[in-house]
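In what follows, a single structure is set out as structure tokens and then discussed.
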Amino acid sequence: IHIPNPINTNLFRPRNKQEARIKSGLPTDKKLILFGSVKITDKRKGIDYFIESCQLLAQKYPEFIDELGVVVYGKDSEQLKPLVPFQVYPLNYISNEKELVDVYNAVDLFVTPSLEENLPNTIMEAMACGIPCVGFNVGGIPEMIDHLHNGYVAEYKSVEDFANGIHWVLNGGEYKTLSEEACRKVSSSYSESAIAKRYIEIYNKITGSNE
């Protein structure tokens with residue numbers, strides 16, 4: 001039996017986007033994509049696939065060059081600047097949870113091009129803040145992101161499909177619904193009360209108790 005770690009949905013929840021951007025020192029006039037890890041140059045985190053996806057998006061949709069920005073947090077985040085065709089806003093590694101909540105709420109999309117994952121907390125945290133996610137079909141990611149319902153699950157290692165996912169979320173016309181469904185998924189599956197309920201159900205099953 002597998003039970004995920006819970007998330008504090010009282011902390012990680014939707015907040016005013018404009019205020020979050022001002023607090024985080026981010027622009028208020030662009031659509032923002034968030035990418036981050038402890039060390040972004042770690043190949044397992046899929047940085048190369050994200051870079052190629054951005055380059056493909058800029059070729060197919062030239063207007064994105066001015067409209068999109070990429071927010072990056074983690075060690076070596078500055079290194080992404082010359083590699084993508086969009087304005088990059090590098091942040092240091094964020095350990096303060098309240099600052100992290102502001103960053104999630106400041107962006108429009110969280111991307112996870114990881115090549116190997118279990119159930120990443122980053123996806124859970126972003127979705128709890130109402131931020132749709134795009135990730136590859138690997139590990140526990142498709143358990144968290146419900147394809148075309150609260151985000152986009154791209155074909156594994158497909159730059160084209162990852163780029164399609166980014167475009168679909170940002171320009172698909174159903175963003176508000178995606179955001180609401182992302183919050184709902186975390187609340188029903190990963191909140192502290194939902195996880196506690198699953199533990200209680202297991203204990204009751206083991207002990208034969210119906211209380």
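The values are calculated or read from the model by the stated rules, or taken from the named source; none is laboratory data. Computed from a prediction, not measured in an experiment: that's the story for all the values here. Methodologically, a virtual Cβ is constructed for each residue, glycine included, from the backbone with ideal geometry; neighbour enumeration extends over all protein chains shown. In case anyone asks, the SASA skips ligands and DNA or RNA and just uses the protein heavy atoms, side chains included. Shrake-Rupley method; radii C 1.70, N 1.55, O 1.52, S 1.80 Å.
Each residue in the stretch 114-137 was checked for being more than 20 Å from Arg13 (Cα to Cα) and modelled with pLDDT of 95 or more, and 3 of them qualify.
Taking (1) over 15 Å from the mean Cα position of the chain (by Cα); (2) outside any helix (DSSP H, G or I) in turn, Gln55 satisfies each apart from (2).
From Gly139, Gly135, which residue is part of a loop (DSSP other than H, G, I, E, B) and of a type outside the set (Ser, Thr, Tyr)? So the residue among Gly139, Gly135 that is part of a loop (DSSP other than H, G, I, E, B) and of a type outside the set (Ser, Thr, Tyr) is Gly139. Within the stretch 85-96, being assigned to a loop (DSSP other than H, G, I, E, B) and modelled with pLDDT of 95 or more holds for Pro85, Phe86.
Within the stretch 2-14, residues that are in contact (Cβ under 8 Å) with a residue 24 or more places away in the chain and more than 26 Å from Glu201 (Cα to Cα) reach partners that are β-branched (Val, Ile, Thr) and part of a loop (DSSP other than H, G, I, E, B) with beta carbons closer than 9 Å, at six or more positions or on different chains, in the pairs Pro14/Ile131.
Checked against the criteria, Glu99 counts as within 27 Å of Arg184 (Cα to Cα), open to solvent by 90 Å² or more (accessible area, probe 1.4 Å) and not in a loop (DSSP other than H, G, I, E, B). Inside the stretch 9-22, residues that are open to solvent by less than 60 Å² (accessible area, probe 1.4 Å) and assigned to a loop (DSSP other than H, G, I, E, B) make up a count of 3. Checked against (1) part of a loop (DSSP other than H, G, I, E, B); (2) modelled with pLDDT under 95, Arg44 meets all criteria but (1).
Taken over the stretch 40-54, the criterion of being open to solvent by 80 Å² or more (accessible area, probe 1.4 Å) and closer than 16 Å to Leu83 by Cα is satisfied by Lys43, Glu52.
Across the stretch 175-208, which residue is nearest to the chain's Cα centre (by Cα) among those that are buried (at least 17 other Cβ atoms within 10 Å of the Cβ) and not in a helix (DSSP H, G or I)? Going through the qualifying residues, I end up with Tyr190.
Listed here are the residues, each with its yes/no results for (1) under 29 Å from Ser95 (Cα atoms); (2) crowded, with 19+ Cβ neighbours inside 10 Å; (3) touching a residue at least 24 places away in the same chain (Cβ under 8 Å); (4) in contact with an Asp or Glu (Cβ under 6 Å, 6 or more places away or on another chain).
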position	(1), (2), (3), (4)
Leu115	yes, no, yes, no
Phe136	yes, yes, yes, no
Ile141	yes, yes, yes, yes
Val153	yes, yes, no, no
Ser158	no, no, no, no
His167	no, no, yes, no
Gly172	no, no, no, no
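The listed residues are Leu57, Leu68, Leu80, and the only one of them that is at pLDDT below 95 and open to solvent by less than 10 Å² (accessible area, probe 1.4 Å) turns out to be Leu80. Evaluated against (1) modelled with pLDDT of 95 or more; (2) in contact with a helix residue (DSSP H, G or I) (Cβ under 7 Å, 6 or more places away or on another chain); (3) assigned to a strand (DSSP E or B), Tyr73 falls short on exactly one condition, (1). Set side by side, the residues Ile33, Ile3 differ, and just one is open to solvent by less than 80 Å² (accessible area, probe 1.4 Å) and assigned to a loop (DSSP other than H, G, I, E, B), which is Ile3. Scanning the stretch 149-156 for residues that are in a loop (DSSP other than H, G, I, E, B) and at positive phi turns up nothing.
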